[in-house]
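Notes to accompany the following structure.
The values are calculated or read from the model by the stated rules, or taken from the named source; none is laboratory data. Worth saying up front: this structure is predicted, and the values here are computed from it rather than measured. Cβ sites come from the backbone with ideal geometry, for glycine too, and all protein chains shown count toward neighbours. All accessible areas refer to the heavy atoms of the entire protein, side chains included, with ligands and DNA or RNA removed. Shrake-Rupley method; radii C 1.70, N 1.55, O 1.52, S 1.80 Å.
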Amino acid sequence: MTRKAKAIMICGTGSHVGKSVIAMALCRILSQDGFKVAPFKAQNMALNSAVTKEGGEIGRAQFVQAEAARAEPTVDMNPILLKPVSNNGSQVIVQGRPVGNMTARQYYSYRQKALEAVRESFGRLASEYEAIVLEGAGSPAEINLRGKDIVNMEMARLANAPVILVGDIERGGVFASLVGTLELLSPQDRQRIKGIIINKFRGDIEILKPGLKMLEQRTGVAVLGVLPYHAWLKMGEEDSLVLEEENPKSEIRNPKPDLIDIAVIRLPHLSNFTDFDPLRREPSLSVRYVADIHSLGYPDMIILPGTKTTLKDMLFLKTSGLDIQIKAIAEEGVWVVGICGGFQMMGREMHDPDQVESTLTHTSGLGLLDLSTTFDREKTTHQVKACLRLEAETIWSRFSTMNPGHLFEEGRELTGYEIHAGRTELGDGTAPLFEILERSGEKVNLPEGAISPKLNCWGTYIHGLFDHDGFRLGLINMLRGQKGLALLEPANHFSFESAKDLYYDRLAELVRANCEMDLIYSTLAF
């Protein structure tokens, strides 16, 4: 296979220093400058994932980076995805398909097969693209993992990629972490580090400059740029650690009276919380994550999100008392919405006879919807197109003076993706909510999701619904109508699709303005 792509790698002094965001920025910059570019992360450990057109599962960060690169996301962009199911084990997904649950020790024994998949995927991308922006994981200086690493310097060697090292000054100790990382690398790997970027700087850059000069003198590595701190720089986060930074303690918030209060239950194994990014960016909404009965309060809507271990997290709801409070609030007519694992929890019961998700085999659910779920080993992963079922449109229209057609500003069709291992059967007391029209490119007509007879409880397996501006506006207006607030006009409504593209361009502009792009380009040897 002929390789034509130039490669550059972004490594960090640790997790959450900004590797994903800087890789995303370089993807957009290279695309803006006329190059056919793709993102690549050999191995990703994350519970936020997405589904490609071919029905394969990859890390959400690489899906978003592909959007920034204006490239179609494929499984080759993240050939190994690890989804934690315990403190010492993960579901291992290879080129989009699960191969089983493994402990860390078992996975290290599997390393050679994983490395073969990584080589294969990178080779395909290198033959199809002009540039590849690689992202590392954690730190390349984890000396206990050096012989097992396939995502940091091992990958840089395989791709013959120069490396930019990123440090986070917001956390403190950035000079020590940068110097320490370089000191712990082998001489051969250290030679691959061609530049340093310092991220999340607040203050006067002139005060920082003496430290930058000493850093360059000490390490012999050029500082390519210092990126200022901006709260808006989060997009496509990989795991829920970012929520710790934003909301370290569960607390009741009192939003302004003209805002809709949405409480997302923060499950211990929360996954795909990026589903709610569009809601969090809505000026008319207050979205908060809660993990106890004290902080839940009495919101306008409760969301039960996805989870990697549904039965275990259902037990969390029971032991915390959240199950009783959620059911009581639902009885009062408050909306309760379940996405994927949260949808399963809303049913009467869940069965896992083969212990696909955990050691538990059965538990009762919240009983908000008349349905039951059985887990099996085969995982469902599809991109889908769907629409509201006619009866759902009709009954939902009672919530608002809006014509139900206004739920869909740009037509009735919705797109999203499924990632689940359960088969859900509806009882007589629950009606399907959606109709799936297309799955992985194949035309189908399948009922999906469920809505309760009281109309305020509903759930679905479809991720990405809130990305749709018209659908999101319809839901917001139903909630505003219930609260006695004026309805929002479509012409003045926030557009998430437009905001995403603007975000990628704005991010690229920030990096261009604060980094030595000529030096970065020279490392690529274009």
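A cut-off of 5 Å between modelled amide H atoms, ignoring neighbours fewer than 5 places along the same chain, links Ile462 with Cys340.
In terms of distances greater than 32 angstrom between alpha carbons, the cross-link table entries Lys6/Lys443; Lys36/Lys113; Lys53/Lys113; Lys308/Lys385 yield Lys6/Lys443. If you wrap the Cα atoms of segment 433-507 in a convex hull and average its projected area over all directions, you get 7.5 nm².
Beta carbons within 10 angstrom, averaged per residue: use that to sort the peptides 77-88, 40-51, highest first. Mind dumping the intermediate values first?
On the way: 77-88: 21.5, 40-51: 25.2.
Answer by packing, highest mean first, reads 40-51, 77-88.
Mean residue ellipticity at 222 nm, helices only, the chain: -9500 deg cm²/dmol; runs of at least 4 DSSP H residues each add -39,500 (n - 2.57), and the sum is divided by the number of residues. The ellipsoid equivalent to the alpha-carbon distribution of the chain has semi-axes of 40, 25, 22 angstrom, derived from the gyration tensor eigenvalues as √(5λ) and listed largest first.
Backbone phi angles across segment 56-69, fed through the Karplus curve with coefficients 6.51, -1.76 and 1.60 (θ = phi - 60°), yield HN-Hα couplings of x, 9, 9, x, 4, 4, 6, 4, 5, 4, 5, 4, 4, 7 Hz in residue order; Gly and Pro are listed as x. Where the alpha-carbon atoms of segment 467-526 are placed on the principal axes, they occupy 59, 18, 17 Å, in descending order.
Where both bridge residues fall in the chain, DSSP classifies roughly 50% of the beta bridges as antiparallel. Under 5 Å between amide hydrogens, built in the peptide plane, is the criterion, and for Leu224 it picks out Ile196, Ile197 among residues at least 5 positions away or on other chains.
In the chain the longest region clear of GluC sites (Glu not before Pro) that are loop-assigned by DSSP and have at most 13 other C-beta atoms within 10 Å covers 1-250. Taking all protein chains together, Arg288, Arg202 sort by accessible area into Arg202, Arg288, largest first [probe 1.4 Å].
Which of the listed residues, Pro98, Val179, Val163, is farthest toward the dipole's positive end in segment 60-192, when Lys, Arg count +1 and Asp, Glu count -1 at the beta-carbon? With unit charges placed on the Cβ atoms, the residue in question is Pro98. Three semi-axes describe the equivalent ellipsoid of segment 67-220; taken as square roots of 5 times the Cα gyration tensor eigenvalues and ordered largest first, they are 31, 19, 16 Å. Length, then width, then depth: along the principal axes, the Cα atoms of segment 260-376 run 44, 28, 23 Å.
Considering all different alpha carbon pairs of segment 1-130, the Kirkwood hydrodynamic radius works out to 15.1 Å. 3J(HN,Hα) couplings calculated from phi for segment 141-152 with the Karplus curve 6.51 cos²θ - 1.76 cosθ + 1.60 (θ = phi - 60°) are, in sequence order, 9, 6, 5, 6, 9, 4, x, 10, 5, 10, 10, 9 Hz; Gly and Pro show x. Separation of segment 23-80 and segment 113-185, taken as the distance between their Cα centroids, equals 16 angstrom.
Peptides 474-483, 336-345 ranked from most to least packed, by the mean per-residue count of other Cβ atoms within 10 Å: 336-345, 474-483. Of the three principal axes defined by the Cα atoms of segment 120-208, the extents in descending order read 46, 31, 20 Å. The HN-Hα couplings worked out from phi for segment 431-444 by the Karplus form 6.51 cos²θ - 1.76 cosθ + 1.60 (θ = phi - 60°) are 9, x, 9, 10, 10, 7, 9, 8, 10, 6, x, 9, 5, 9 Hz, whole numbers, x standing for Gly and Pro.
Using the heavy atoms of the protein chains alone and a 1.4 angstrom probe, what is the accessible area of the chain per residue in square angstrom?
Details: 21280 Å² over 526 residues.
Roughly 40 Å² per residue, with all protein chains present.
Using a 1.4 Å probe on the protein chains only, how many percent of the accessible area of the chain belongs to carbon and sulfur? Mind showing how you got there, number by number?
Numbers: 10720 of 21280 Å².
Its accessible area is 50 percent carbon and sulfur atoms.
Under a 5 Å amide H cut-off, with hydrogens placed 1.01 Å from N, Gly100 pairs with Val92 among residues at least 5 apart or on other chains.
Calculate the length of the line joining the C-alpha centroid of segment 474-510 to that of segment 187-234, in whole Å. Using only Cα atoms to place each centre, the spacing works out to 36 Å.
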